[in-house]
1. Of everything in segment 506-518 that's part of a helix (DSSP H, G or I) and free of Cβ contacts under 8 Å to residues at least 24 places away in the same chain, which residue is most open to solvent (accessible area, probe 1.4 Å)?
2. Report, by residue number, each residue of segment 329-342 that is in a helix (DSSP H, G or I), open to solvent by 20 Å² or more (accessible area, probe 1.4 Å) and among the aliphatic types (A, V, I, L, M).
3. Filter segment 252-279 for residues that are open to solvent by 30 Å² or more (accessible area, probe 1.4 Å) and either in contact with a Phe, Trp or Tyr (Cβ under 6 Å, 6 or more places away or on another chain) or not hydroxyl-bearing (Ser, Thr, Tyr) (or both) and give the result.
4. Regarding segment 275-294, can at least one residue be identified that is of a type in the set (Ser, Thr, Tyr) and touching a Pro at 6+ places or on another chain (Cβ under 9 Å)?
5. Can you go through 149, 133 and tell me which one is open to solvent by 70 Å² or more (accessible area, probe 1.4 Å), in a helix (DSSP H, G or I) and in contact with a Lys or Arg (Cβ under 7 Å, 6 or more places away or on another chain)?
6. Are any residues in segment 369-406 in contact with a Leu (Cβ under 9 Å, 6 or more places away or on another chain), free of Cβ contacts under 8 Å to residues at least 60 places away in the same chain, open to solvent by 10 Å² or more (accessible area, probe 1.4 Å) and within 23 Å of residue 355 (Cα to Cα), and if so, which ones?
7. Could we say that residue 156 is assigned to a loop (DSSP other than H, G, I, E, B), open to solvent by less than 60 Å² (accessible area, probe 1.4 Å) and among the polar types (S, T, N, Q) here?
8. Could you list, ordered by first residue, the pairs with Cβ atoms under 6 Å in which the first is in segment 67-88 and over 15 Å from residue 109 (Cβ atoms) and the second is surrounded by fewer than 17 Cβ atoms within 10 Å (Cβ to Cβ), at least 6 apart or interchain?
Amino acid sequence: MECYKQRWVGAILVSALVAESRNCRHGFFSSSGTGCGIRGIAWAGLHDDVPEKGLTYRSEVMSFLGAQLYERFSAPELRRLVDHFARQKDAPPEIAAMVRRVQSNYIYINKIPREEYRAYISLIAKAEQVWEQAREANDFKRFAPYLEQIVDTFRSFADYWGYEEDPYDALMSFYEPGSTVRQMDRLADELRTFVIDLLQELRTHGKACGEAQEEHFALPLEEQRALSRFVLETVGFDFAAGRLDGGPHPTTLAASPGDVRVITTYQPDDFRSGLFNTLHEGGMGLYEQDIDPALLGMLLGEVASFATELAEARLYENIIGRSAGFWAYLFPRMKKICPSLAVRDGEAMFQAVNQVSPSLIRNDADELTYILHILIRYEVEKDLIGGKLAVADLPEVWRQKYTEYLGITPPNDREGVLQDIQWAAGYMGYFPGYLTSNLMAAQFAAALERELGPLRGLLAAGRFEEIHQWLAQHIHRFGAIYEPGELVRRATGEPLRSTYFINYLRDKYTEVYQLKKR
C-alpha cells in the first residue's frame, strides 16, 4: 500500500502549492491570504500594520505571485497528469480524494483567462486599500466602483467555472463543495422565520436574567492568560503540539498537526472576549491537531472546508462554552485561577454570556442575532451576483434589511455596508459558510449526545476528553478526505439540516429568558 501511495503522490505533488490555496480562510487567491501555508505565515496579522506607501509594492508582489501560481497550474503537463489519474478506478479512498482535489483546483484556475486572472489579483489588492479609506471616511461611494468590478469579475468566474441553476452556486462551491442556492435558500428561509420570531418573543415575553454589572467582568491580563491556558488544556488542546499566544487578531495557524498556534486577544475590562476567542480558536486548533499525520503531503492533511473547521469553533465557543454545564464545571475552578473575579456564581455567568441584544456590527453580535447578520449578507451577495441588486443600491437595501430583521437601522456606511472586508478581499461565496458552520455544529452535537448522553451532564462532570475523542474519531482525523456534505452524513447519519440548530437555540433561550415551553 505504501509503495502504491507513493506512486500516486509523486506524480501529482507538483500541484501542492496551488491546491493549498483552495481551503484558505480567505478569498479566491486574495492578497489577504492569512492562514494558508507560507503565504499565510508571511502575511497573517500584518495587513493592518503595513505602511500606506508599502501597500502598492505589496499589491505588485501579490499580483506577481498570483501569476506564478497561474503559470504552474495551467501547465499542459499538469493537465495531462490530472486527466490520467482522474480516470483511474482502482485508487484507495485517500488517493481518489487527493486526485479529486487537484482536479478541482485545476478547473478553478485553468478556466480563467490568464490576463483576467492577473487583473483580478491586482484589483483585489487595490480594493482592500480603498475599502479601508472608504470605511475611515464613512463613504461607500468611494469603494463602490471597485465593488462593481469585483462583482463583474466573479460573475465571469461563475460562467467560466459553470453551474446548473444559479451563478452563485459556482462561488459557494469554491469554499463548500456541493453547496447550492436551492439548498441554502431552504435553510435560510427556515432560520430567518425562526430567529426573527424568537427574537420578538424574547423582547415581549422574556424575563430579565439578572446580568451582572459590566465592571464585574474586568480581570487582570495575567489572570485571563492563565484562564485561557486552563480552558485549552481542559478541552484537550495538546501543548506539546501547539501553543497559545496573544496578538492583535484571534486566529489559528497550523503548520502541521504537530505545530498548531492559537492566537487570542484580551480586553482588560471584559474577560469574556478573550475567553470566547480562545474557545473559538481552540476548537479549530483541536481539529488541526487531530488530523491523521499520514495525510500530510497528500493535499489531505488539512480541514475539510472553511465551514467544517468553523463548525468546531462554534461548537466549542457557543454550544459548549455558553452552556450551563460548562459553567457549572468551570466557575469553581475559575475562582481559584482568577482571584479577582467579581461575578457571584456560575448561574450568573451562564445568563451573562447568553444575553440577546441586537447590534449593528456582525462581530459584536450575540449568538442568536448573529444568524440574521449572516442571512443579510447571503441575500445581498446572492442578489449582487445574480444581477437583482445594483451596487449603488446596496447601502439602502442593507439598511432596510437591518431594520426589518433586527429592528435597528445603521446610521452610516461605516456601521453598515462597509463594516466587513470580505468583498474587498475577494470573498464572494464565503459568507454562507458562516451559516452552515452553525448548523453543522448543532448537528454534530446532537449526534454526539445520541452516543454519549446529554452534553450538559458531560460538561458538568468534566468529561471533556470523551467529547474531544468523539469529534476526533468522527470528524477531525479524516482531514480533507471527504467533502463537507459527505463528512456530515458520515458523522451524523443524515444530510445537513436546520432542525438541530433551531432546537438548540429554542431550548437555550427558553431557559435563559424563562419562556413558556411550547
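1. At the first step, the residues of segment 506-518 found to be part of a helix (DSSP H, G or I) are 506-512.
From the residues that got through so far, the ones that are free of Cβ contacts under 8 Å to residues at least 24 places away in the same chain too are 507, 510.
Working: 507: 104, 510: 21 Å².
Applying the filter and picking the extreme gives 507.
2. 337
3. We begin by selecting, within segment 252-279, every residue open to solvent by 30 Å² or more (accessible area, probe 1.4 Å); these are 253-256, 258-259, 261, 263, 266-269, 272-273, 277.
Once the filter is applied, which keeps residues that are open to solvent by 30 Å² or more (accessible area, probe 1.4 Å) and either in contact with a Phe, Trp or Tyr (Cβ under 6 Å, 6 or more places away or on another chain) or not hydroxyl-bearing (Ser, Thr, Tyr) (or both), segment 252-279 yields 253, 254, 255, 258, 259, 261, 263, 267, 268, 269, 272, 277.
4. We begin by selecting, within segment 275-294, every residue of a type in the set (Ser, Thr, Tyr); these are 278, 287.
Among the residues that remain, those that are also touching a Pro at 6+ places or on another chain (Cβ under 9 Å) are: 278.
Within segment 275-294, one or more residues are of a type in the set (Ser, Thr, Tyr) and touching a Pro at 6+ places or on another chain (Cβ under 9 Å).
5. Testing whether each residue is open to solvent by 70 Å² or more (accessible area, probe 1.4 Å), in a helix (DSSP H, G or I) and in contact with a Lys or Arg (Cβ under 7 Å, 6 or more places away or on another chain) leaves just 133.
6. 401
7. On the way: assigned to a loop (DSSP other than H, G, I, E, B): no; open to solvent by less than 60 Å² (accessible area, probe 1.4 Å): yes; among the polar types (S, T, N, Q): yes.
Spelling it out, it is not the case that residue 156 is assigned to a loop (DSSP other than H, G, I, E, B), open to solvent by less than 60 Å² (accessible area, probe 1.4 Å) and among the polar types (S, T, N, Q).
8. These pairs meet every condition: 81/11.
The values are calculated or read from the model by the stated rules, or taken from the named source; none is laboratory data. The shown structure was predicted, so the numbers you read here are calculated from the model rather than taken from an experiment. Note that we place each Cβ from the backbone using ideal geometry, even for glycine, and neighbour counts take in every protein chain shown. For accessibility, only protein heavy atoms count, side chains too; no ligands or nucleic acids. Shrake-Rupley method; radii C 1.70, N 1.55, O 1.52, S 1.80 Å.
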